[in-house]
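First the structure, in the form of C-alpha cells, and then the observations on it.
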Amino acid sequence: MNSARNSPHLSIPVAHGCGSRNFFSTGSSRSDEHDAGAVDSGALEVKQAPLESLRKPPTPEKTQRLILSTSLDPASTMTALLEGGLRKGERPVGQIAASSLLAGSYLTFGGMMMLTVAGGSTELLSAAPGLHSLAGALVFPVGLALITLTGTDLFTSNVMFTSLPFLSQPEKFEENREAFVKVCGVSYLANFASSLAMAYCCASMFQPGAVAHPFLMGLAAKKCSLPFMTAVAKATGANWLVNLAVYGAASSLSTPGKLLAVWLPITTFVTLGLEHSIANMFLIPLAIFAGSPITFTEFMINNLAPVTVGNMIGAIGFVSMFQWYALVPNKNCRK
C-alpha cells in the first residue's frame, strides 16, 4: 500500500487562460491519498476520481488536477500556435533551413500520390469529374500529415505561426519582424529548393508514355494560365484551409485526431482546385522537367508570384488576425 501511495503518477491539468503550455506532467504527491481507484501499473499510477465527486461541483484543485480531454479549447489552441511561432523565431537559420528542406520533400509525396491516383483514372475524369477530383484529393494530405507529425517547417503555415506574435506582443514589433522575415524567408527558399530537387529526381516517372503524363501536362498548363487575381483568390482560400488544418492538428492531443484534422481541410482545398505555392513548386517544375513547354519564367510570374501573395493573405488575414481576435479573450496573455 505504501508503495502505491509513493509511486509516480500521471496528472493531466486543464489549460486555464493563455499561459498554459504543459498538458502532461509527472510527479508524486501524498495529498491524493483519499482518492479512490489508484491503480499501480509499475512506473505509472492512474488516478481516477471517485464517483461521489462527479456529483459535486468541482473544486479548483480537482479541476486543475483531473480533467481528461483529447483536445484543447479554441483559445488555448491559438495560444499554443502563438507559443509555436515564438519558438520558431528563436531557432538559428541553419536549423530552420534543414527543417524546411525536409518539409518541402514531404509535401512532394502527397503530390506524387495525387498525380498517380488522378492521372491513372482518366476514365473517371470523363465520366464523373467531381469524383475524379475527390479521388486525387483524398491522398494528397499525406504530405501535410508527415509535416505535422514531424514538426518540420512549411512556408505557408510559418506565415501564420510567425504573424501571431505581432498581435500578442505589438510592443516588440522589430523583434517580431526580424523573426517573421527570417523564418518565412528561409523556409520559402528551402521549401523551393527541396521541391525542385524532388521534381528533378522524379521526372523520369512522368515522361511521355507514363500513365499520369497527360494529366500532369494539363494540370501545369491550367495553373499557369490563371488570371492574376483569380490565382490570388484561389491561393487565399487554399492557405486558409491549410492553416485551419494546422489549427485543428494543434487542438488535438492524439495522433489520430491530428491526422483527421489535417485530412478534411486539405482534401477540401485540393478537390476545389485551389492553389498552394509550395505544392506548385513541385508540380509545375515536375511538368517542365517531364517535357512541358512552360518556362520557369512563366511559372514564376504567372503562378508562383500571385499564389504566394494569396497564400500570405489567407494565413495572416483569415487565421492569424480573425481567429486571434475572435477566439482569444485576453490578447496580451504572454507577458
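The values are calculated or read from the model by the stated rules, or taken from the named source; none is laboratory data. Everything numeric here is computed off the predicted structure, so don't read it as measured data. Cβ: placed from backbone, ideal geometry, glycine included. Neighbour counts: every protein chain shown.
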Looking at segment 240-335, what helices (runs of 4 or more DSSP H) fall wholly within it and have at least 3 residues that are among the charged types (D, E, K, R) and in contact with a helix residue (DSSP H, G or I) (Cβ under 9 Å, 6 or more places away or on another chain)? none
Per the filter on segment 242-271, residues hydrophobic (A, V, I, L, M, F, W, C) and farther than 18 Å from Leu146 by Cβ are Leu244, Leu253
Out of Ala261, Ala279, Ala235, I need the residue that is in contact with a Gly (Cβ under 8 Å, 6 or more places away or on another chain), free of Cβ contacts under 8 Å to residues at least 40 places away in the same chain and at negative phi. Which one? Ala261
For segment 124-169, list the helices (runs of 4 or more DSSP H) that sit wholly inside it and hold at least 1 residues that are surrounded by 24 or more Cβ atoms within 10 Å (Cβ to Cβ), under 14 Å from the mean Cα position of the chain (by Cα) and not aliphatic (A, V, I, L, M); which are they? 142-150, 155-168
Look at Phe318 and say whether it is surrounded by fewer than 23 Cβ atoms within 10 Å (Cβ to Cβ) and under 16 Å from the mean Cα position of the chain (by Cα). yes
With respect to Phe215, is the statement that it is of a type in the set (Phe, Trp, Tyr), touching a Ser or Thr at 6+ places or on another chain (Cβ under 8 Å), part of a helix (DSSP H, G or I) and in contact (Cβ under 8 Å) with a residue 40 or more places away in the chain true? yes
Is segment 239-252 home to any residue that is over 13 Å from the mean Cα position of the chain (by Cα) and surrounded by fewer than 23 Cβ atoms within 10 Å (Cβ to Cβ)? no
Out of all the residues in segment 70-99, which are over 24 Å from Ser168 (Cβ atoms) and either out of contact with any Leu (no Cβ under 7 Å at 6 or more places or on another chain) or buried (at least 19 other Cβ atoms within 10 Å of the Cβ) (or both)? Gly94, Ala97, Ala98
Boolean, Ser195 is assigned by TED's automatic domain parsing to the domain that holds Gly291, buried (at least 18 other Cβ atoms within 10 Å of the Cβ), in contact with an Asp or Glu (Cβ under 6 Å, 6 or more places away or on another chain) and in a helix (DSSP H, G or I): no
Quick check: anything in segment 172-195 modelled with pLDDT of 95 or more, closer than 29 Å to Leu125 by Cβ and more than 15 Å from the chain's Cα centre (by Cα)? yes
Residue ID - farthest from Gly136 (Cα to Cα), chosen from residues in segment 203-216 that are of a type in the set (A, V, I, L, M, F, W, C) and buried (at least 19 other Cβ atoms within 10 Å of the Cβ): Phe206
